[in-house]
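Engineer: For reference, the structure I am asking about is given below.
Read the figures in this text as sums done on the coordinates, not as results from a lab. Since we're looking at a predicted model, the values are computed, not measured. Counting neighbours? That spans all protein chains shown, and the Cβs are built from the backbone with ideal geometry, glycine included.
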Amino acid sequence: MVLKIFFPTCCNTADSGLLIGRWIPGQDSAVVLAVIHYPFIPGQVKKYLSETQNQSQVDLAVLGSWSLPKDGQEGMDSFLKDLSTIFPNSRWLQLSREIGKRGFACQVVHNRITPPDPAQGGTDKKDQIIFIHYDQRKVMLSQLHPIHEESPGEESSELRAVFHTVAQSGPLFLLDRYDEGPLKLTHWQSEGREASIVVELSKQAVFLCLCMIACVFVILNIWPVQFISSKMSTCVQTAYRTNHFQTVFSTKKATSHMEFMRKANIFVSFLVDMSLGLLLVSWLYRENHISQLANTLVKLSLYRFFLYHIHLWISYIRLMSPFIEMILWYVGLSACLGLTFALSVLSDIVALLTFHIYCFYVYGARLYCLKVYGLSSLWRLFCGKKWNVLRQRVDSCSYDLDQLFIGTLLFTILLFLLPTTALYYLVFTLLRLVVVMFQGVIHLAIDLINSFPLFAMGLRLCRSYRLAEGVKFRVLCEEPGTPLHLMMEINPLKCSSVLQRYRTPTYSCYPRDSWVDLCKKLFMGELIYPWKHKTTKTD
Amino acid sequence: MGANSGPGASPCASPVGPWRKVLYARQPFPDNHVDRRFLEELRRNIRVRQYRYWAVVRETGLVAQQVSCVAVFITLWSCMDQGRLGPSVLLWAATGCALPGYGLYEMLGGKDRERPRLADLQSAAVFLAFTFGFSPVLKTLTESVSTDTVYAMSAVMLLAHLLSFPYTQPSPPGSLSLNAALFASVCLASRLPGALHTFAMLSWALLVFALWPCLLHRLRERAEWSFPWAAGLVCAGGVGGLGAVWPGGALLLSLALLVLTLACPLLLVCLQRHKDNIHGPWDEAEIREDLSRFLS
C-alpha cells in the first residue's frame, strides 16, 4: 500500500515539532498543513486545534512528529514516540531529516487494537511512502478547474481534496511568528501576514455610491422610460453598468470563486473603461477637435437625396447647425463615464442622423414585398393554378373568364414595373445595411470592452498559479531505501479556457439569422432586423 | 426443392396433374415453366382506331383556324402600327362583330343558360372599364424595353398559346393559352402610338382569343354543317390579311395551312399500320364504372 504525504516546502527547514494536517478519507494520503514547535502544552494544542476546526470546517488532526535536529539537539526519538499516545490516531507518522541530506526518513506507526509490530527501525514492509512537496501559498490561492460546487467531505478526487483542504485552512494560517501566543507554528504565512489596507478602505468609501446608484435604477424602471431606453444603446449601456455597480459594491462578500472572479473582472474592466474614456476626453477637448467633428457631421448629413423628406431634413439641419457644436461639447463630456458610453452615444447619434434612410428603406421594402407577393400569386393564375391554403400546396383551378382577363393584365403591369421597384429597393437596402454594419461594429467593440475578463487574464499572466488546471510532478530525490520525493507544481489554465470561462455575460448583440436566412429575407423583401439583444441574466 | 424434371422431360404430364398457373401450390415443375397456353391473352392494337382521311381533315380545321386567328390578330396590329387603320374604325368594327356574334350565340344556345344575361352584361362592363382605365398605363409599359425584345416575347407567347390551346374542349378557354395570348397582345399593343390604339387592340384580342373559340364550339355542337365554312372563312381571312401586309408571310401561311390540313392527316392515317401495342392482363386496371350515380 502506498502512502502519499503532501508536504509544504515552507516546512522543509522548520524546527522539530508536531505535524498538523488532515488525513484524506479513503485515499491513504495525508496533507501536512503546519508544524507546531516545541515546547508546547498538549492541552493547549488540542484546544487550538478544536477552535481552528470549528472556524475552518476542516477536520484537522495531529498527523505525527517532525524531527530536524539542530546543533546540540539530540535524543528526541524516544520523546517523539511517546507523543503518539498523547494524540491518539490510527496512524502516526514519524518524519525526520538531517541537515545536509536531501531525503526524509519516515516511520509509520499503526495504532491497532492488536499490539503493533515492534518498530525495529526501517519502514514497515507493506508501506511505501511518497513525499509530494507543494508550494503552500500557491496551492492555497489556486482554484482547480473545472470548478465543481461541492460540499466538503465529498470531493471527487484526491487532488481536489488536497486543494480544498489547503484553501479552507485559512484560519490555521493566521498565527505568525510575531504573535505573542502559547503556540509557535510554521506555515507559509508565518513570516508575516499579508494585508491589503487599501481594499478595506475603498470598500467603505464606495458604499455611499451604492445609494446613489440605487436611485438611478429605480427611475429607469418606469415603463415609458423603459421602452424608449430599450431602443437607445446609451440607456442600455447605462443600465448594464448600474447592474454591475450593484454587483461589485455590494457589501456581501463573495462566497464562491466564480462570484469573486466576476466581481473582480467587472471592477477591473470598469476601471480600464473609465481611463480610456478620460483619455478620449482629453484628446477631444484639445485643439478644436469638437468643432471639426461637428463640421464633418453636418456635411455628411447634407449629402443625401430623394424628394420631400430630404428637403425637410436639410431645413432641420440648417436650423440645428449653430447648436450642434455646443451639443457635441456637452455630449462629449459623457465620455467621462467610460469609453463604452461614448461609443454608445456615437451609435445613437448615427441612428438619429440616418433615420431618414431607415424610413426610405421601409417604404422600398414594403413596396417590393407587395410586388413580389402579387407577382407570385398572379403567376400561379397565369399557369392555371391556385394556392391551396388548407393543404399548403399548389392545385390546378379553372378560373372564370373575367378573372383570367384582369389577372393577366395586372400580371403584365407588375412584371414590367418590377425592374424599377427592385432597383429602388436595392439602393435603399444597401444604404441601410451600411448603416447597420457600422452600428454593429460599434456594438461589437462595446461588447468586447464590456465582457473581456481583464482581471482573469491579468491573473493568468502574472499569477498563473491562481487558476489551476491540474498539477505536474517532478522527481526530487529517488534513492533506494529512502522514500520517493516528488515536487508538485501547478499547471495553469490555458488562456483560451480563461476567456471562455470568465467572460462577463453581457447584453451582447449577435446576428439573429444565418446568412442563408438573411439572403432569403432580402430577396423576398421582408424587413430585416439583423441584431438581436440578449437580455441580461438576473442573478 | 421443386421439380426435378429436366429440360428433356415432358412438360405437362406429371404424377400430380397438369400444371396450374399458381404460385401458392408446390408443383413438380420449375419456377419458369410455361405451357402451351402461354401468352394466349395477349392482344395487339386493340385500341387502334381506323381513321378515315376526310374526317381527320375536317377535324384539323380547328387547328388551322386557330393558326389563322393568330395571323388575323397580327394583321390588325400591323395595320394599326403602320397607320392604315384608325382606332375608332377598329372599335366600331369590334362592336359590329361582337353584337351579332352574341346574338348568334344566344340563338344557338337554346333553353339551357348557365349564366344569366345580367352576368354577361356585368362581365362586359368590367372588361371595358378596366381596359379603358388601364390603357394609358399599358401604353407606357414597355417604353424601357427594346423593340426586339418585345417582338421576341410576343412571338414566344403566341407560340405558347397555340401549343397549349385545349383543342379537345375549347369552350371554357384554357388558362395558360388565354393568358399567353393576352400577354402577347399587351406587349404588342404597348408599341402603338396612342392609348386608344391600345384599347382597340385589347378589345380585339379579347374577341379573337377569348370569345371566338366559344362561339365556334357552339356552332360545332349545334350546327355541324357550318363548321367547315367558318374555319375556311377564318383561314381565308388570315391569308388575305397577311397578304395585304406582307405577301411573303401570306405565302408561308398558306403553305403551312395546306401542310397542316392535308399532309398531316395523311401521315396519321398511313402510320397507323405501323403501330404495335400489346395489351394483356398485366396492364394497369382502369376503372370504367360510371360514378355519376354517386353525384345526385
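Engineer: Using θ = phi - 60° and the Karplus form 6.51 cos²θ - 1.76 cosθ + 1.60, what ³J(HN,Hα) does each residue of the range A:405-410 get, whole Hz, x for Gly and Pro?
Structural biologist: Once rounded to whole Hz, the list reads 5, 5, x, 5, 4, 5.
Engineer: Oh, and also: Please list the equivalent ellipsoid semi-axes of the range B:163-296, computed as the square roots of five times the alpha-carbon gyration tensor eigenvalues, in descending order and whole angstrom. All intermediate terms of the calculation are to be shown ahead of the outcome.
Structural biologist: Working: eigenvalues 265, 116, 52 Å².
Calculated on Cα positions only, the semi-axes equal 36, 24, 16 Å.
Engineer: For the range A:412-534, count all C-alpha to C-alpha pairs, find those more than 17 Å apart, and express that count as a whole percent of the total. Working shown, then result.
Structural biologist: Values: 5531 of 7503 pairs.
Percentage above 17 Å: 74.
Engineer: Rounded to a whole number, what is D in µm²/s for the range B:132-174 from Stokes-Einstein with the Kirkwood radius over alpha-carbon pairs (37 °C, 0.692 mPa s)? Intermediate values should be presented prior to the final figure.
Structural biologist: Details: Rh = 12.7 Å.
For the chosen part, D equals 259 µm²/s.
Engineer: Another question about this same structure. Using alpha-carbon positions, what is the distance between the centroids of the range B:257-292 and the range B:41-93, in Å?
Structural biologist: 23
Engineer: As an exercise, use a Förster radius of 45 Å and the Cβ-Cβ distance of A:Ile99 and A:Arg503 to find the FRET efficiency, rounded to the nearest 0.05.
Structural biologist: After rounding, the FRET efficiency stands at 0.30.
Engineer: Starting at the first residue of the range A:256-264, write each ³J(HN,Hα) from the Karplus equation 6.51 cos²θ - 1.76 cosθ + 1.60 with θ = phi - 60°, in whole Hz, x for Gly and Pro.
Structural biologist: 10, 4, 4, 5, 5, 4, 4, 4, 5
Engineer: Wrap a convex hull around the Cα atoms of chain B, take a quarter of its surface area, and give that in square nanometres.
Structural biologist: 26.2
Engineer: For the range B:119-234, I need the span (max minus min coordinate) of the C-alpha atoms along each principal axis, in Å, sorted largest to smallest.
Structural biologist: 49, 32, 24
Engineer: Filter chain B for me: DSSP H helices, axial length by Cα at least 24 angstrom, mean Kyte-Doolittle hydropathy not below 0.0. List them by residue number. List each step's numbers first, then the result.
Structural biologist: Working: long enough: B:53-82 (42 Å, 0.80); B:87-109 (32 Å, 0.86); B:117-139 (32 Å, 0.97); B:147-164 (25 Å, 1.21); B:227-245 (27 Å, 1.46).
The answer, listed by residue number, is B:53-82, B:87-109, B:117-139, B:147-164, B:227-245.
Engineer: Amide H of A:Gly103: which non-local residues (sequence gap of 5 or more, or other chain) have their own amide H closer than 5 Å, using H built in the peptide plane?
Structural biologist: Residues meeting the criterion, in which the H sits 1.01 Å from N, do not exist here.
Engineer: Note down the nm distance, to one decimal, between modelled labels 7 Å out along Cα→Cβ at A:Arg160 and at B:Glu41.
Structural biologist: 7.7
Engineer: Which of the listed residues, B:Asn179, B:Ala129, B:Gln169, is farthest toward the dipole's positive end in the range B:112-207, when Lys, Arg count +1 and Asp, Glu count -1 at the beta-carbon?
Structural biologist: My answer, from the dipole projection, is B:Ala129.
Engineer: May I have the extent of the alpha carbons of the range B:142-202 along their three principal axes, as whole Å values ordered from largest to smallest?
Structural biologist: Between the extreme Cα coordinates on each principal axis of the range B:142-202 lie 38, 23, 11 Å.
Engineer: State to the nearest 20 debye the size of the charge dipole of the protein assembly as shown about its Cα centre, where the only charges are +1 on K and R beta carbons and -1 on D and E beta carbons.
Structural biologist: Working: 77 positive and 61 negative charges, 420 e Å.
Dipole magnitude for the protein assembly as shown comes out near 2020 debye.
Engineer: Hey, another quick one. By counting other Cβ atoms within 10 Å of each Cβ, how are A:Lys385, A:Lys47, B:Lys275, B:Lys139 ranked from fewest to most? Show your work: numbers first, answer last.
Structural biologist: Working: A:Lys385 17, A:Lys47 13, B:Lys275 10, B:Lys139 21.
So the residues, fewest neighbours to most, are B:Lys275, A:Lys47, A:Lys385, B:Lys139.
Engineer: Per-residue Cβ counts within 10 Å, from other chains only, averaged over A:398-405: what number is that? All intermediate terms of the calculation are to be shown ahead of the outcome.
Structural biologist: On the way: counts 3, 5, 4, 9, 8, 1, 9, 12.
Mean partner shielding for this stretch: 6.
Engineer: Another question about this same structure. Just checking the output field for B:171-183: average partner chain Cβ neighbours within 10 Å of each residue's Cβ?
Structural biologist: On the way: counts 0, 5, 3, 3, 14, 5, 1, 7, 13, 2, 1, 8, 6.
Mean partner shielding for this stretch: 5.
Engineer: May I ask you to work out the translational diffusion coefficient for the range B:63-112 at 10 °C, viscosity 1.306 mPa s, via Stokes-Einstein with Rh from the Kirkwood sum over Cα pairs, reported in whole µm²/s?
Structural biologist: On the way: Rh = 12.8 Å.
Estimated diffusion coefficient is 124 µm²/s.
Engineer: A:Cys235: net charge of surrounding residues, Cβ under 14 Å, Lys/Arg +1, Asp/Glu -1, itself excluded? Display every interim value, and only then the final one.
Structural biologist: On the way: positive: A:Lys231, A:Arg241; negative: A:Asp348.
Here the count lands on +1.
Engineer: Can you find, among A:Ser142, A:Val427, B:Trp92, the residue sitting farthest towards the positive end of the charge dipole of the protein assembly as shown, where Lys and Arg contribute +1 and Asp and Glu -1 at Cβ?
Structural biologist: B:Trp92
Engineer: Taking springs between alpha-carbon atoms closer than 10 angstrom, which of B:Phe134, B:Phe227, B:Phe73 fluctuates most in the Gaussian network model of chain B?
Structural biologist: B:Phe134
Engineer: Here's a follow-up. Rounded to the nearest 5, what % of the DSSP beta bridges within the protein assembly as shown are antiparallel ones?
Structural biologist: On the way: 38 of 59 bridges.
Given both bridge residues lie in the protein assembly as shown, the antiparallel proportion sits at roughly 65 percent.
Engineer: Let me ask you something else. What's the Cα-based Rg to Rh of the protein assembly as shown, Rh via Kirkwood?
Structural biologist: Values: Rg = 49.8 Å, Rh = 39.2 Å.
Result: Rg/Rh = 1.27.
Engineer: Next question, about the same structure. Using a 10 Å cut-off around each Cβ, can you sort A:Cys359, A:Cys235, A:Cys462, B:Cys187 from fewest to most neighbouring Cβ atoms? Let's see the in-between values first.
Structural biologist: Values: A:Cys359 13, A:Cys235 17, A:Cys462 8, B:Cys187 25.
With the fewest neighbours first, A:Cys359, A:Cys235, A:Cys462, B:Cys187 line up as A:Cys462, A:Cys359, A:Cys235, B:Cys187.
Engineer: B:Val34 to B:Ala223: extension gain in nm, 0.36 nm per residue of separation minus the Cα-Cα distance?
Structural biologist: On the way: separation 189, 0.36 × 189 = 68.04 nm, distance 5.73 nm.
Going from the current span to full extension adds 62.3 nm.
Engineer: List, in the order given, every pair from A:Lys47/A:Lys101; A:Lys47/A:Lys263; A:Lys4/A:Lys494; A:Lys47/A:Lys472; A:Lys138/A:Lys263; A:Lys101/A:Lys472 whose Cα-Cα distance in the structure shown is over 26 Å. Walk me through the intermediate numbers first.
Structural biologist: Working: A:Lys47/A:Lys101 35 Å; A:Lys47/A:Lys263 37 Å; A:Lys4/A:Lys494 28 Å; A:Lys47/A:Lys472 37 Å; A:Lys138/A:Lys263 21 Å; A:Lys101/A:Lys472 24 Å.
Those over the limit are A:Lys47/A:Lys101; A:Lys47/A:Lys263; A:Lys4/A:Lys494; A:Lys47/A:Lys472.
Engineer: Fewest to most neighbouring Cβ within 10 Å: what's the order for A:Lys46, B:Lys111?
Structural biologist: Details: A:Lys46 13, B:Lys111 4.
Placing the least packed residue first, the sequence is B:Lys111, A:Lys46.
Engineer: Moving to a separate point now. Tally Lys/Arg at +1 and Asp/Glu at -1 over every other residue whose Cβ is under 11 Å from the Cβ of A:Leu63; what's the total? Working shown, then result.
Structural biologist: On the way: positive: A:Arg22, A:Arg91; negative: none.
Counting the neighbours of A:Leu63, the net charge comes to +2.
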